[in-house]
Structure formats: C-alpha cells, structure tokens
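One structure below.
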Amino acid sequence: MVILAAVIAPLGRQLQRRLAGRILWHQQHQLQQQLARRCSLTACSSRYALSQLHPMWQEPLAVPGGDRQSPIDISVRKSLFDPQLKPLVVKYDPRTCQQIWNNGYSFLVEYDDTTDKSTLHGGPLDDQFRLCQFHFHWGENNAWGSEHTVDHLLYPAELHLVHWNSDKYSLFEEAVMEDNGLAVIGVFLKVGKRHEGLQKLVDALPAVRHKDSVVEFTRFDPACLLPESRDNYWTYSGSLTTPPLTEAVTWIIMKQPIEVSHDQLAVFRSLLFTSAEEEVQKSMVNNFRVQQPLKGRTVRSSFIPFLQNAPPDGPK
C-alpha cells in the first residue's frame with residue numbers, strides 16, 4: 001500500500017483491493033491486538049523531536065523478534081569490506097509502472113509485479129527480486145528526513161525501492177512475512193541541482209495531494225533515480241520501517257546520494273497526511289522512523305572504506 005481515471009477504473013479497483021492488503025504500512029488494523037511496544041517518530045538525532053506523532057505510530061505495534069529492526073546509523077569505519085559482494089543488476093521496464101497512491105504516510109509509485117519484467121539481482125542477493133513499488137521519506141526542512149544515516153549524517157530525504165523474492169515466493173504477501181523475502185534499495189537525497197528524471201513524478205504529485213487519492217502514472221523508469229555509481233553500497237539484514245515491521249529485508253544502501261532541488265522537495269512537503277474530507281489538514285512531513293539499535297549485526301560494504309569520517313557527497 002478513491003478515484004481512478006475512468007480508462008483504468010475496472011482494473012484499478014481490482015488492483016487497489018489487492019494492494020490494500022499488501023502495502024507495507026497498510027496492515028495496522030491486523031496488529032492492534034498484539035501490543036509489544038510503542039514506536040515513535042522522533043528524529044534520528046536527539047536535537048530534533050517532532051511535536052506530533054503520525055496516527056500510524058499511535059496504535060499498538062507488534063515488533064517481531066526485535067533484533068533486526070531498521071533503520072540504523074551506518075558507521076563507515078565499523079563497516080566490513082566484503083570482496084564477495086557483487087555489482088547490483090537492475091532491469092526495470094518502465095511499462096510496468098501503473099499508478100501513484102497517497103496512502104496517508106507517503107506516496108507510493110506502484111508497479112506490476114506479476115512477471116519478471118522489473119527485477120533486481122546481484123549485489124548481496126542470491127535470488128531474483130521483483131520491483132513492487134518505491135516511495136520516499138522526508139523531513140519538514142532540509143536538515144533532516146532520511147531514515148538511515150551515515151556516521152550520524154542526516155539527509156533531507158531517502159528513497160526506498162521495494163522488491164520481493166520471486167524465486168522463493170509466489171506473492172508479495174508471502175514474501176513480506178518470510179526470511180529473505182524482501183530487498184530494498186535505499187538512496188539518499190541531497191539538495192542541489194534539479195533532478196530531471198524526478199521531475200515527471202514531481203509534476204504528477206499535486207493530483208495525489210490528499211490521503212487515499214490515486215492517479216494513473218505510467219512509463220516511469222525508476223533506474224533514473226539511482227546514482228551514477230551503483231557499485232558502492234552498504235548492506236545489512238533488517239526490517240521494514242513501517243508496520244508490520246517484519247524482519248524480512250536485505251537492505252542495500254547506496255553510498256552516493258542523488259541531487260534534487262529545494263523546489264522538488266517542497267512539492268513532497270505540499271502533500272497531506274489527511275483526506276479531503278477531514279476538517280484539520282496535516283502536512284505530510286517527517287514521515288520516518290526512529291533509528292534502531294544494531295544489536296550485533298554486521299554492516300558490509302562493497303568498497304574499502306579507508307578512514308572516512310563521512311561520505312564525500314554529504315547534504316548541502
């Protein structure tokens with residue numbers, strides 16, 4: 001995880017019903033009976049505390065296991081260079097792009113994942129994974145917004161490309177609950193020049209300003225959102241960062257960020273957590289989870305970190 005364009009209404013309604021049960025954070029109602037602990041949306045740095053919590057995080061949440069939760073801070077010096085890590089191989093077909101959905105927490109760009117037309121393999125992965133959707137997390141200003149950090153360095157936003165293991169599982173719904181079920185590529189965004197590839201998406205976002213709005217969105221190649229250098233990344237075993245928080249994710253965090261303009265991020269911040277019918281409208285900002293303890297996990301890198309204190313391309 002409404003009104004669709006008339007030309008895709010029959011298919012759209014069927015697809016929406018399917019997506020409603022499978023989108024990462026659209027499963028809150030199934031977890032309310034399983035009180036484990038409360039999660040909050042405090043920022044990654046203790047200097048920044050949010051004045052309000054998103055309703056998603058005010059419900060009882062089950063944290064399965066709890067030893068492999070995400071996001072985390074990546075310590076460059078403590079990461080372990082692994083020469084066995086292979087280059088990432090992405091094969092995305094823009095024709096599988098279907099729609100944008102404001103689910104009340106972020107906006108999701110969703111892809112047809114019934115075939116192996118848009119896939120990820122290589123890197124730390126032994127299997128092939130299908131692209132399901134991508135989304136972003138961002139802050140209310142450019143000082144914070146990313147979920148992961150590198151040596152405690154915060155970025156204004158973070159992109160997540162979500163894939164599921166089609167070699168081992170037949171459906172996303174199955175993969176999301178199982179070990180080695182998901183692979184998520186994380187890409188940091190920093191403020192700089194306008195990102196031309198992103199602009200088509202930015203132009204479409206006003207149509208999904210309110211919660212539960214959906215608009216047809218086709219022929220978008222998500223590969224344009226990956227950095228030029230795709231061979232340098234960190235990887236670790238973690239979880240979804242939204243309910244149901246299952247520990248099924250192999251995280252692949254790109255070292256090199258991409259540049260986007262301040263105006264492009266401003267369009268993200270113009271979206272709303274709330275539906276058009278709600279009396280009080282709330283801006284969609286600070287939609288990220290608090291960082292989680294590493295708990296003995298190893299973060300591997302595909303490159304030799306040397307003695308870097310921070311990545312050379314930090315946010316401006």
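Is there any pair linking a residue in segment 78-104 that is under 19 Å from ASP212 (Cα atoms) to one that is of a type in the set (Asp, Glu) and assigned to a loop (DSSP other than H, G, I, E, B), with Cβ under 6 Å and at least six apart or on different chains, and which?
GLN98/ASP112
Looking at this structure, is THR242 surrounded by 24 or more Cβ atoms within 10 Å (Cβ to Cβ), of a type in the set (S, T, N, Q) and more than 16 Å from PHE188 (Cβ to Cβ)?
Yes, satisfied.
Output the number of residues of segment 247-280 satisfying the condition of being among the polar types (S, T, N, Q) and in contact with a His (Cβ under 8 Å, 6 or more places away or on another chain).
Residues that pass the stated criteria total 4.
Throughout, read-outs are computed from the coordinates displayed, never taken from laboratory work. Quick caveat: nothing in here was measured; it's all calculated off a predicted structure. A quick note on method: Cβ atoms are made from the backbone with ideal geometry, for glycine too, and the neighbour counts reach across all protein chains shown.
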